[in-house]
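*Asks:* My questions all concern the structure below.
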Amino acid sequence: MSKIKFGVIGQGHIGKRHAEMIRRNDEAELVAVCDVLNKEELNLSNLKENFYTSPDQMFSAHPEIQVVSICSPNGLHAQHSLISLESGKHIVCEKPMALTKADCETIIFKALKTNKNVFCVMQNRFSPPSVWLKKIVTNKVIGDIFMVQLNCYWNRDERYYKKGGWKGSQNLDGGTLFTQFSHFIDIMYWLFGDIKDIQAKFNDFTHTDLTEFEDSGFVNFNFTDGGMGSINYSTAVWDANLESSITIIGSKGSVKVGGQYMDKVEYCHIKDYIMPELAPTNAANDYGAYKGSANNHNYIFENVIDTLKNRNSITTNAMEGLKVVEIIERIYSLRKENRKN
């Protein structure tokens, strides 16, 4: 069977992760990567694949590339997605899809015009606790949803926000909800749908010299389909990540999935229900001084290949990627109002 040929834009931590997952898939071939930094700065001196300093160079040299992973800074996702689509490539876009709903709509319109697929990376959907939650919510095992609380308490300090880097800037990073916690907002949207009646408070406890945005917030809302919820988040936790957890109160029972990366079922008490044994969760992505969400990117590329070979459909499509961006954009519109007051 012919291999799907990939290119990767961006060779930071997550771009290298994409490249490695492509290499490990027997039905994929990594043709080339590109980054504005040189190979030595990126510790890629032993790179076997072709290396370029711009997407245009990469596409010109390798028209055979079929799929492009977008792993550049958040604020460049839209630009690099559009360049790739215009060059006739399918795209795999890291979270967030873009920093505005309008940019997401432009990407979707371009994908429709070029008849190409947009795969949005939301790998936490593949974690066994997330798959289990989807089943008990969708099948009403837990009953009607009353309350949902999403807690995301992580550490991101000067070890993460390097001077001169893109992380922490408003135009390239976008904010804590975009860069750190959009995976968990995606899980919430995937399980319970859209939100309305949003209220929020924000604060910047420890990042005034590190970022151009808040490090903490309390957000509450109602779900469009019923029930109420909240997101409580911070990157001001001292030294190490504390937790990423979701607590669900339903008419037939209650559950909590916690741990540092929403990877452990800590509580399950549901009427006439026995908790099944779940498969182990993959370890978190390890970036040295800090860690991120679960290392589930292999499932993303399996889905890309299955979809392009007509064996499956997209697990996280462009409209879902847009909805996560739109929810965060609506929350952050209140941040702007808070500043005025």
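Read the figures in this text as sums done on the coordinates, not as results from a lab. Note that the structure is predicted; figures quoted are calculated from it, not measured. Reconstructed Cβ throughout: ideal geometry from the backbone, glycine too, with neighbour counts over all protein chains shown.
*Asks:* Which whole-Hz ³J(HN,Hα) couplings does the range 108-121 yield from phi under the Karplus relation 6.51 cos²θ - 1.76 cosθ + 1.60, θ = phi - 60°, glycine and proline marked x?
*Replies:* 4, 4, 5, 5, 5, 5, 8, 6, 10, 8, 10, 9, 9, 7
*Asks:* For the chain, what is the Kirkwood hydrodynamic radius in Å, using each pair of distinct C-alpha atoms?
*Replies:* Value: 20.7 Å, from the Cα pair sum.
*Asks:* Sticking with this structure for a sec: Gaussian network model of the chain, Cα springs within a sub-10 Å range: biggest mean-square fluctuation belongs to which of Ile185, Ile22, Ile270?
*Replies:* Looking only at Ile185, Ile22, Ile270, the biggest GNM fluctuation is shown by Ile270.
*Asks:* Let me ask something else. Would you mind pulling out the separation of the Cα centroids of the range 1-65 and the range 190-222, in Å?
*Replies:* Using only Cα atoms, the two centres lie 35 Å from each other.
*Asks:* How much length is gained on full extension from Lys336 to Ala279, taking 0.36 nm per residue of separation minus their Cα-Cα distance?
*Replies:* 16.3 nm
*Asks:* Still on this model: Say the cut-off is 23 Å between C-alpha atoms; which of Lys271/Lys323; Lys95/Lys256; Lys5/Lys110; Lys5/Lys162; Lys110/Lys323 go over it?
*Replies:* The pairs that break the limit, which is 23 Å between Cα atoms, are Lys271/Lys323; Lys95/Lys256; Lys5/Lys162.
*Asks:* Which residue fluctuates most in the GNM of the chain (Cα springs below 10 Å): His297, His269, His80?
*Replies:* Top of the fluctuation ranking is His269.
*Asks:* Taking θ = phi - 60°, what integer Hz values does the Karplus form 6.51 cos²θ - 1.76 cosθ + 1.60 yield along the range 36-47, in sequence order, with x for Gly and Pro?
*Replies:* Result, ordered by residue: 6, 7, 7, 4, 5, 4, 8, 6, 10, 4, 9, 4 Hz.
*Asks:* Using label points projected 7 Å from each Cα along Cα→Cβ, tell me how many nm separate Lys3 and Thr106, to one decimal.
*Replies:* It works out to 3.5 nm between the two label points.
*Asks:* Would you compute, from DSSP H runs of 4+ residues alone, the mean residue ellipticity of the chain at 222 nm, taking -39500 (n - 2.57) per run and dividing by the full residue count, rounded to the nearest 500?
*Replies:* -9500 deg cm²/dmol
*Asks:* Taking a ≥ b ≥ c as the square roots of the eigenvalues of the Cα gyration tensor of the range 205-272, is the shape rounded (a/c under 1.5), prolate (a/b larger than b/c) or oblate?
*Replies:* Oblate, since a/c reaches 1.5 and b/c is not below a/b.
*Asks:* How about the range 228-271: which chymotrypsin sites (Phe, Trp or Tyr not before Pro) there are in a DSSP loop, with at most 15 other Cβ atoms within 10 Å of their Cβ?
*Replies:* Sites meeting the loop and neighbour criteria: Trp238.
*Asks:* Give the angle, between 0 and 90 degrees and rounded to the nearest 10, that separates the Cα long axis of helix 77-86 from the longest principal axis of the Cα atoms of the chain.
*Replies:* 50
*Asks:* Under 5 Å between amide H atoms, partner at least 5 residues away or on a different chain: which partners does Val8 have, H built in plane at 1.01 Å?
*Replies:* Under 5 Å from the amide H of Val8: Ala32, Val33, Cys34, Ser69.
*Asks:* If you don't mind, another one. Run through all the Cα pairs of the range 3-80 and give the fraction in each 10 Å bin from 0, expressed as whole percent.
*Replies:* Taking all Cα pairs of the range 3-80, the binned fractions are 20, 58, 22, 0 percent.
*Asks:* I want to check the label-to-label distance for Glu41 and Thr53. Put each point 7 Å from Cα in the C-beta direction and report it in nm to one decimal.
*Replies:* 0.9
*Asks:* Also, quick follow-up: Karplus couplings for the range 221-227 from phi (6.51 cos²θ - 1.76 cosθ + 1.60, θ = phi - 60°), rounded to Hz, Gly and Pro as x?
*Replies:* Ordered by residue, 3J(HN,Hα) equals 6, 10, 7, 4, 8, x, x Hz.
*Asks:* Counting only the backbone N, which residues of the range 102-146 are under 17 Å from the spot 7 Å out from the Cα of Lys264 toward its beta-carbon?
*Replies:* Only 128-130 pass the distance filter.
*Asks:* Which far-off residues, 5 or more places away or on another chain, put their amide H under 5 Å from the one on Glu266, with H placed in the peptide plane?
*Replies:* Lys256, Val257, Gly258
*Asks:* Using amide H atoms built in the peptide plane, which far-off residues or other-chain residues are under 5 Å from Met147 H to H?
*Replies:* HN-HN under 5 Å from Met147: Met228, Ile249.
*Asks:* Springs between alpha-carbon pairs under 10 angstrom, Gaussian network model over the chain: which of Leu99, Leu133, Leu47 fluctuates most?
*Replies:* Of the options given, Leu47 has the highest mean-square fluctuation.
*Asks:* Could you bin all the Cα-Cα distances of the range 124-289 into 5 Å bins starting at 0 and give me the percent of pairs in each, rounded to whole numbers?
*Replies:* Whole-percent P(r) values from 0 Å outward: 2, 8, 17, 20, 18, 14, 10, 6, 3, 1, 0, 0.
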